[in-house]
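The values are calculated or read from the model by the stated rules, or taken from the named source; none is laboratory data. Every value quoted in this text rests on a predicted model; they were computed, and no experiment measured them. Here the Cβ positions follow ideal geometry from the backbone for every residue, glycine too, while neighbour counts run over all protein chains shown.
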């Protein structure tokens, strides 16, 4: 099995077929990572320049193997493929802290569609990591509207912000 990053802005992605579990981006760039997982980054035009910046950063970090907690959380997704926005969001946030990313936020909101919902924001771009293997980048306005979020709290992607976010997560039953 291979791990590949499929960038929807550049669908000419190839995947290696060796045992090294590689990520392939834009036909030529590969790096080794742990896990057998496909990661797709889909960016809507509504995300604007902040979305392009977020996509470029996330693609480079996945490619460089710098998101180990996020990839582990994706690998631990239930077989139904629905994912867990809280676990995925927290794991991605933790990895972003470790690589020194600033000016991102992790958000916890109440959605009429799914109840409690988590996502990340980079400027005016919303980064949703709910679905297995897919990072969906849209505008914040489109994401909030599409998920029917009535109320949301936003926390900086830093140690204190993530700790505060964690305390507010729904308790496992």
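General observations
Residue-wise test of (1) modelled with pLDDT of 85 or more; (2) closer than 20 Å to residue 103 by Cβ; (3) surrounded by 14 or more Cβ atoms within 10 Å (Cβ to Cβ); (4) touching a helix residue (DSSP H, G or I) at 6+ places or on another chain (Cβ under 7 Å).
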| site | (1), (2), (3), (4) |
| --- | --- |
| 23 | no, no, yes, yes |
| 26 | no, no, yes, no |
| 33 | no, no, yes, yes |
| 52 | yes, yes, yes, no |
| 56 | yes, yes, yes, no |
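- Across the stretch 63-77, the qualifying residues are those that are modelled with pLDDT under 90 and assigned to a helix (DSSP H, G or I), and the one among them that is farthest from residue 87 (Cα to Cα) is 63.
- Tally of residues being touching a residue at least 24 places away in the same chain (Cβ under 8 Å), under 13 Å from residue 107 (Cα atoms) and touching a strand residue (DSSP E or B) at 6+ places or on another chain (Cβ under 8 Å) across the stretch 153-173: 10
- Filter result (in contact (Cβ under 8 Å) with a residue 40 or more places away in the chain, touching a strand residue (DSSP E or B) at 6+ places or on another chain (Cβ under 7 Å) and farther than 19 Å from residue 84 by Cβ) within the stretch 138-152: 138, 139, 150, 151
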